[in-house]
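**Student:** So that we are looking at the same thing, I have put the structure below in structure tokens.
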Amino acid sequence: MECIRIRRATGMDAARLTALVQESQAYRGQYAAAIDGYEVTAAYVERHQVFAAVDVADRVVGFYSLMLDLAELDLAFVSDEVQGMGVGKLLMEHMLDQARSAGLADVRVVSNPPAERFYLRMGAERVGVVAPTPPKVTWERPELRFVVGRQRVTSGEVTATR
């Protein structure tokens, strides 16, 4: 058993955050172009609300980025090796807590199609679709919304099994 906690990401985490994006099985096949060459830079991490899920050895196993000025979840990734163990749920609960603390009424999510079911399970509602943005994104993406006051938030740690 292993405890996972959420901490503010730092510029020193940028390479590992980029690796999580690049290694994601959710972006294989037809979705690969969306992350081709994508990099989470130290400047991005320092400029935005980026939080990392880390294990007891401070190894990054997931992260999210909440854009307060846009009220939007910009990035959210969980390492393939810990998916299904509650890390994504912990990240979303933390994100909603941060959104609530910032006074946001809702948070927009433009999802990769395979991730839509996860966001719906976390309490988001589908509000539309976002048109393709070629050349990298050639498919429609679900647009979802978390209503911040409607979500149940719990703070703390999750025990994950490996």
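The values are calculated or read from the model by the stated rules, or taken from the named source; none is laboratory data. Since we're looking at a predicted model, the values are computed, not measured. Cβ: placed from backbone, ideal geometry, glycine included. Neighbour counts: every protein chain shown. Keep in mind that these areas ignore ligands, DNA and RNA; they rest on the heavy atoms of the full protein, side chains included. Shrake-Rupley method; radii C 1.70, N 1.55, O 1.52, S 1.80 Å.
**Student:** Looking at GLN98, GLN83, which one is closer than 29 Å to ASP55 by Cα and open to solvent by 80 Å² or more (accessible area, probe 1.4 Å)?
**Tutor:** Values: GLN98 fails: open to solvent by 80 Å² or more (accessible area, probe 1.4 Å).
The unique qualifying residue is GLN83.
**Student:** Six or more apart or on different chains, Cβ atoms under 8 Å: show the pairs whose first residue is in region 13-35 and assigned to a loop (DSSP other than H, G, I, E, B) and whose second is open to solvent by less than 30 Å² (accessible area, probe 1.4 Å) and of a type outside the set (Gly, Ala, Ser).
**Tutor:** SER24/ILE35; SER24/PHE77
**Student:** Yes or no: region 122-139 includes at least one residue that is part of a helix (DSSP H, G or I) and surrounded by 15 or more Cβ atoms within 10 Å (Cβ to Cβ).
**Tutor:** So the first thing to find is which residues in region 122-139 are part of a helix (DSSP H, G or I), and the list is none.
No, there is no match, as no residue in region 122-139 is part of a helix (DSSP H, G or I) and surrounded by 15 or more Cβ atoms within 10 Å (Cβ to Cβ).
**Student:** Could you check region 44-75 and list, in sequence order, the residues that are over 22 Å from GLU116 (Cα atoms), hydrophobic (A, V, I, L, M, F, W, C), touching a strand residue (DSSP E or B) at 6+ places or on another chain (Cβ under 7 Å) and surrounded by 12 or more Cβ atoms within 10 Å (Cβ to Cβ)?
**Tutor:** Answer for region 44-75, where residues must be over 22 Å from GLU116 (Cα atoms), hydrophobic (A, V, I, L, M, F, W, C), touching a strand residue (DSSP E or B) at 6+ places or on another chain (Cβ under 7 Å) and surrounded by 12 or more Cβ atoms within 10 Å (Cβ to Cβ): VAL54, VAL60.
**Student:** So, one more: Out of all the residues in region 53-72, which are in contact (Cβ under 8 Å) with a residue 40 or more places away in the chain, in a strand (DSSP E or B) and of a type outside the set (Gly, Ala, Ser)?
**Tutor:** Answer for region 53-72, where residues must be in contact (Cβ under 8 Å) with a residue 40 or more places away in the chain, in a strand (DSSP E or B) and of a type outside the set (Gly, Ala, Ser): VAL54, VAL60, VAL61, PHE63, LEU66.
**Student:** When the residues of region 10-43 are filtered to those that are out of contact with any Ser or Thr (no Cβ under 9 Å at 6 or more places or on another chain) and polar (S, T, N, Q), which remaining residue is surrounded by the most Cβ atoms within 10 Å (Cβ to Cβ)?
**Tutor:** Applying the filter and picking the extreme gives GLN22.
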